[in-house]
1. In segment 26-54, which residue that is farther than 22 Å from Leu144 by Cβ and among the small types (Gly, Ala, Ser) is most open to solvent (accessible area, probe 1.4 Å)?
2. So is Glu71 open to solvent by 70 Å² or more (accessible area, probe 1.4 Å) and more than 16 Å from Gly313 (Cβ to Cβ) or not?
3. Among the residues of segment 79-89, which ones are on the phi < 0 side of the Ramachandran plot and surrounded by 23 or more Cβ atoms within 10 Å (Cβ to Cβ)?
4. Within the set of pairs 6 or more residues apart or between chains, which connect a residue that is farther than 25 Å from Tyr86 by Cα and acidic (Asp, Glu) inside segment 174-191 to a residue that is open to solvent by less than 90 Å² (accessible area, probe 1.4 Å) and not in a helix (DSSP H, G or I) with Cβ atoms less than 6 Å apart?
5. When you look at Asn259, is it open to solvent by 10 Å² or more (accessible area, probe 1.4 Å), modelled with pLDDT under 95 and not hydroxyl-bearing (Ser, Thr, Tyr), yes or no?
6. Specify the residue that is farthest from Asn324 (Cα to Cα); the eligible residues are those in segment 228-246 that are open to solvent by 30 Å² or more (accessible area, probe 1.4 Å) and either under 18 Å from the mean Cα position of the chain (by Cα) or at pLDDT below 95 (or both).
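The values are calculated or read from the model by the stated rules, or taken from the named source; none is laboratory data. Worth saying up front: this structure is predicted, and the values here are computed from it rather than measured. Quick reminder, even Gly has a Cβ in these numbers, built from the backbone with ideal geometry, and neighbours come from all protein chains shown. Surface areas here come from the heavy atoms of the whole protein model, side chains and all, with no ligands, DNA or RNA. Shrake-Rupley method; radii C 1.70, N 1.55, O 1.52, S 1.80 Å.
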Amino acid sequence: MARVASLLLTVIVAAAASLLLLLAPSAAELTRVEHPPKNEGSLAILAVGDWGRRGQFNQTLVAQQMGVVGEKLDIDFVISTGDNIYDDGIANTSDPLFKECFTNIYTAQSLQTPWYIVLGNHDYTGNALAQQDPAIREVDSRYLNLAKSFIVNSGIADFFLLDTSPFYLKYWNSSKYDWRDVAPRDTYIQNLLDDLDDALVQSEAPWKIVVGHHPISSGCEHGNTTELQELLRPILEARGVDMYVNGHDHCLQHISSRNSPVQFMTSGGGSKAWAGKFKTTSDKIEFIYDGQGFMSMQLSSTEAHLVFYDVAGNVLHSYDSTKNEEEDDGWPAGQQAAVRGSIDRGNL
């Protein structure tokens, strides 16, 4: 009997260890979570950012249309591109703002699915670790900010959710940001870039999609993020990333890189918008809308179909992309090697 009990304990410990390996990163490895699609061979998601305003600034109306589209597409999950709770995140895991901005707003049945979350700069001016605390999932189990940066593996696509606020140098000159588990900045950024690069190399998913709060290329109010242009963009281009999805700019936009296949998608219209301010970018602006709304994404192993919707659910813009199953990353071999050779991340 003692031998049986010992064997049972060994099995339990092994199972627990396996779970921890799934949810916690080892050295030089980003946290991973597996999310197989509900419908074999296809994946459907929504992406929205810059939303948490207690339903104000049309947040509730955007949420309602997300529910309608989410039901139509039978979505697998939602991605939030950050700035989840305005103006200064949450104070702790029992802060009533969390329910007022999230639980009480996104009530449609189709939205009762996992939300994979990145933090924005407004989340960092509150208690940033509270949004990552497992206790927040006891308040609402959908809310999955599993780590500062992590990967969602769906088989059809790998989503690399990145913590971009630490890149933004001017934030470090202010004492209002919660840099616990981040400082020192240079070490944190270098480790994150190395981990992302390794993960992208290892990825075998047909689609590689990176998500961050801040834009790399943008024609809206905030414009390009210099630090991401210098440090992150070369990796995306070298490693065959298909799309970079962001928020921060309170608008919707689709921008094509002029020197790589990367597509830049902004979905930051979850509530307050209409800034009426625009910037220039050297990339090609395919679509820009200075208003509220969200984005949907439908993927198979060979096809991607993206749609931008406004606050009334009207289709504003769509984008389609196809690839052969044997494609590596869309680059001609010589051009790919040239870009990879240009990466130098040694100096932050």
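1. Just the residues of segment 26-54 that are farther than 22 Å from Leu144 by Cβ, to begin with: 27-28, 40-41.
Filter once more, keeping what is among the small types (Gly, Ala, Ser): 27-28, 41.
On the way: Ala27: 93, Ala28: 70, Gly41: 46 Å².
Per the criteria, the residue is Ala27.
2. For Glu71, the condition - open to solvent by 70 Å² or more (accessible area, probe 1.4 Å) and more than 16 Å from Gly313 (Cβ to Cβ) - is not met.
3. The answer is Ile79, Ser80, Thr81, Asn84, Ile85, Tyr86.
4. Asp186/Leu348
5. Values: open to solvent by 10 Å² or more (accessible area, probe 1.4 Å): yes; modelled with pLDDT under 95: yes; not hydroxyl-bearing (Ser, Thr, Tyr): yes.
Yes.
6. If we take residues in segment 228-246 being open to solvent by 30 Å² or more (accessible area, probe 1.4 Å) and either under 18 Å from the mean Cα position of the chain (by Cα) or at pLDDT below 95 (or both), then Gln229 is farthest from Asn324 (Cα to Cα).
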